[in-house]
Structure formats: C-alpha cells, structure tokens
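Asks: Got a structure for you, written out below as structure tokens; questions coming shortly.
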Amino acid sequence: MIITVDGEPVRGRDGQTIAGVLIGAGRIAWRTSQTGGRGVFCGIGVCHDCLVTVNGVEGVRACRREAVDGDRIEREVRP
C-alpha cells in the first residue's frame, strides 16, 4: 500500500494507521505548532498532536485513521 505524504510516496502495510505508516518511514513529526514539531503523543486520539489533512479533509487524527492505498496526506501548520 502506498500513500502520498506532502507529494512524496510512502509505503506501508495494509491495516496500519497513517501514524504507523509515517513512523515506519522514519517520520516522527508531521505537524508544526508554536512549540515545534508534533507527531504521535497519546496514540489514542485524545491529544490531537497527530493531526493531518487527508484527501483534503483537515483535522484527521493520524493515530486513529487507517491508511488506505492512494491516500493523499498533507502536514498541518498551525499558528
């Protein structure tokens, strides 16, 4: 299964969350905030640190959303 992250193809396994695919590819931070890079913190969808845009939908929790072949993932930049 391949997803596109900020225009770059990233390979994952069927059944992985988006966060799992990103971590497996060596990406530990994919969102920025005033305090710096953010990625998975709680891993259960409570903290919102792992938010990404998926196929044009903002605010998706990467730790909760299963990656699907062809997904387009974009980093979210928050002020």
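The values are calculated or read from the model by the stated rules, or taken from the named source; none is laboratory data. As the structure is a computational prediction, the values presented were derived from the model and not from experiment. Cβ sites come from the backbone with ideal geometry, for glycine too, and all protein chains shown count toward neighbours.
Asks: Scanning segment 11-52 for residues that are in contact (Cβ under 8 Å) with a residue 40 or more places away in the chain and part of a strand (DSSP E or B), which turns out nearest to residue 72 (Cα to Cα)?
Replies: Taking the candidates together, the pick is 17.
Asks: All but one of (1) surrounded by 12 or more Cβ atoms within 10 Å (Cβ to Cβ); (2) aliphatic (A, V, I, L, M); (3) at pLDDT 95 or above hold for residue 57; state the number of the condition that does not hold.
Replies: All conditions pass for residue 57, except number (1).
Asks: Hey, another quick one. Looking only at segment 23-49, which residues are more than 18 Å from residue 8 (Cβ to Cβ) and surrounded by 12 or more Cβ atoms within 10 Å (Cβ to Cβ)?
Replies: First, pick out the residues of segment 23-49 that are more than 18 Å from residue 8 (Cβ to Cβ): 33-36, 38, 40-49.
Scanning segment 23-49 gives 33, 38, 40, 41, 42, 43, 45, 47, 48, 49.
Asks: Across segment 24-39, what is the number of residues that are in contact with a strand residue (DSSP E or B) (Cβ under 9 Å, 6 or more places away or on another chain) and within 20 Å of residue 71 (Cα to Cα)? Steps first, answer last, please.
Replies: To start, the set of residues in segment 24-39 that are in contact with a strand residue (DSSP E or B) (Cβ under 9 Å, 6 or more places away or on another chain) comprises 24-25, 27-33, 37-39.
Checking which are within 20 Å of residue 71 (Cα to Cα) leaves us with 24-25, 27-31, 39.
Total satisfying the criteria: 8.
Asks: For segment 53-70, how many residues meet the condition of being free of Cβ contacts under 8 Å to residues at least 60 places away in the same chain and in a loop (DSSP other than H, G, I, E, B)?
Replies: The first filter runs over segment 53-70 and keeps only residues free of Cβ contacts under 8 Å to residues at least 60 places away in the same chain, leaving 53-66.
Still in the list and also in a loop (DSSP other than H, G, I, E, B): 55-56, 62-65.
The number of residues fulfilling the criteria is 6.
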